[in-house]
Amino acid sequence: MEPSQRNTETPSFQYATVPVDSSGRATVFRPFSLSSPHSRAFHLAWLSLFSCFFSTFSIPPLIPVISSDLRLSASAVSAAGIASFAGSIFSRLAMGPLCDLIGPRTSSAILSLLTAPAILSTALVSSPTSFVLVRFFVGFSLANFVANQYWMSSMFSGNVVGLANGVSAGWANVGAGVSQLLMPILYTTIAEFLPRDVSWRVSFVFPAVFQVITAVLVLLYGQDTPDSNRKASNRNKDRTPVEEEHSSFVRILLDGLGDYRAWILALLYGYSFGVELTTDNMIAGYFYERFGVNLEAAGTIAASFAISNVASRPAGGMVSDLLGKRYGMRGRLWGLWIVQSVAGLLCLLLGRVNSLWGSIAVMWVFSVFVQAASGLIFGVVPFVSTRSLGVVAGMTGSGGTVGAVVTQVLLFSGDNVRKQRSISLMGLMTFVASLSVTLIYFPRWEESFVVLHHLPNPMTVPSGYLETRKRTMIRS
């Protein structure tokens, strides 16, 4: 049984509506409130990332129409899908250190404002090359995920951070499903008044405007930490030379890159969220081609896969927190392995089902497990490194898009792809990758997947832990 983390004796941080720990982080998660800076940050974070997912996945449901108009080959469509993930790799790697330097609020808003013109420029593409380039730059917006998770880890205490990360990312990921559902409807509605080759272009005005609006809201109403924005916090003149060295960019970066656990979590995320991204990118076309459903029906089926994020990814975060309270870090790791392994087996089964409704049913169950696995992974991320939280989150987030790129290149590229077989192989790769969780070890609690030494103070994080760990890391 773990000691309670709740510490409301915090004179420096007084929020009438939410109890906080000694760092001002909320020790309870109240998603249906706007009364505290923690809750406002939560809603701004998920809504901003939602708009980025909507933009990135507003293109796939209209691929049949765009391909017909631009005469795109199957290989060109596949290359564009890979390009969208490749763009996200670089931007996610950069976003982590950027959050460490200027805070998640400003980082998130800047990225959304810079990538909104990219989705708008989809209306101007006229060749396969320009289509691939647009998808590459639109993919940069998915780096907003790193800011999202960093922000939640800055606002919520260790006993609820898994749930906060899971709900924030889960609700945001629904944007991919909503775009799969709404973009075909938006296109067909506009096509009643404009020519088809103009209608799909006009459709992309909506996601671009939506993204700009959410960026402005983040700048107006968000703050980086419970008490202030990062820029204001950095004006603190009381920091010692040791603390200044501790917070230097190079040390933050090297500390994160040198932690092997971050690389393992990146691999795991590559075959949870990366698999989810790959599925989002091809599942509408899979049902459209294999079972002969129309464009709207294929979009609706694909939307149901992504929309389950509203509950499944938060459930993963909640399970991680519950297992952490009951069994310590070992519980979090075991939960992650079980859920991700089941996801891999269900994906393998999806490629072997030959009926429409059977495939839909397996896809639904698969979506729950693969998305919950992502939530479980980010239930572990905040405990890897306090000093390099942004770097670790960026590495893990980039792992998701690297996994998507590798899977897309190996299994879904070319003009003669057998998608049924590729989906099953993707499931097998997911199952094998999940075994890497057995290598993760946390020396602070002497806990790993296999070995557990019962200490008086196991997971989750007790009150004051973050400050204690900071001082320990500085001394070392």
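The values are calculated or read from the model by the stated rules, or taken from the named source; none is laboratory data. Everything numeric here is computed off the predicted structure, so don't read it as measured data. All Cβ positions, even for glycine, are placed from backbone atoms using ideal geometry, and neighbour counts span all protein chains on display.
As a summary of the residue check, Thr430 satisfies the conditions (1) under 25 Å from Ala76 (Cβ atoms); (2) buried (at least 24 other Cβ atoms within 10 Å of the Cβ); (3) of a type in the set (Ser, Thr, Tyr); (4) modelled with pLDDT of 90 or more except for the one numbered (1).
Conditions (1) in contact with a Phe, Trp or Tyr (Cβ under 7 Å, 6 or more places away or on another chain); (2) outside any helix (DSSP H, G or I); (3) buried (at least 24 other Cβ atoms within 10 Å of the Cβ), marked per residue:
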residue	(1), (2), (3)
Leu93	no, no, no
Leu101	yes, no, no
Ser108	no, no, yes
Ala123	yes, no, no
Arg135	no, no, yes
Ala143	no, no, yes
Ser153	no, no, yes
Asn159	no, yes, yes
Leu163	yes, no, yes
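Among the criteria (1) surrounded by 19 or more Cβ atoms within 10 Å (Cβ to Cβ); (2) in a helix (DSSP H, G or I), the one Val209 does not fulfil is (1). Residues of the range 334-374 that are among the β-branched types (Val, Ile, Thr), closer than 20 Å to Glu289 by Cβ and either part of a helix (DSSP H, G or I) or at pLDDT 95 or above (or both): Ile360, Val362. Looking only at residues of the range 267-277 that are surrounded by 24 or more Cβ atoms within 10 Å (Cβ to Cβ) and either free of Cβ contacts under 8 Å to residues at least 24 places away in the same chain or outside any loop (DSSP other than H, G, I, E, B) (or both), we find that the one that is nearest to the chain's Cα centre (by Cα) is Phe273.
Looking only at residues that are modelled with pLDDT of 80 or more and in contact with a helix residue (DSSP H, G or I) (Cβ under 6 Å, 6 or more places away or on another chain) in the range 239-266, which one is farthest from Leu98 (Cα to Cα)? Filtering first and then ranking leaves Ile264.
Any residue at all in the range 223-236 that's closer than 22 Å to Val134 by Cβ, in contact (Cβ under 8 Å) with a residue 12 or more places away in the chain and either under 22 Å from the mean Cα position of the chain (by Cα) or part of a helix (DSSP H, G or I) (or both)? No, the range 223-236 has no match at all.
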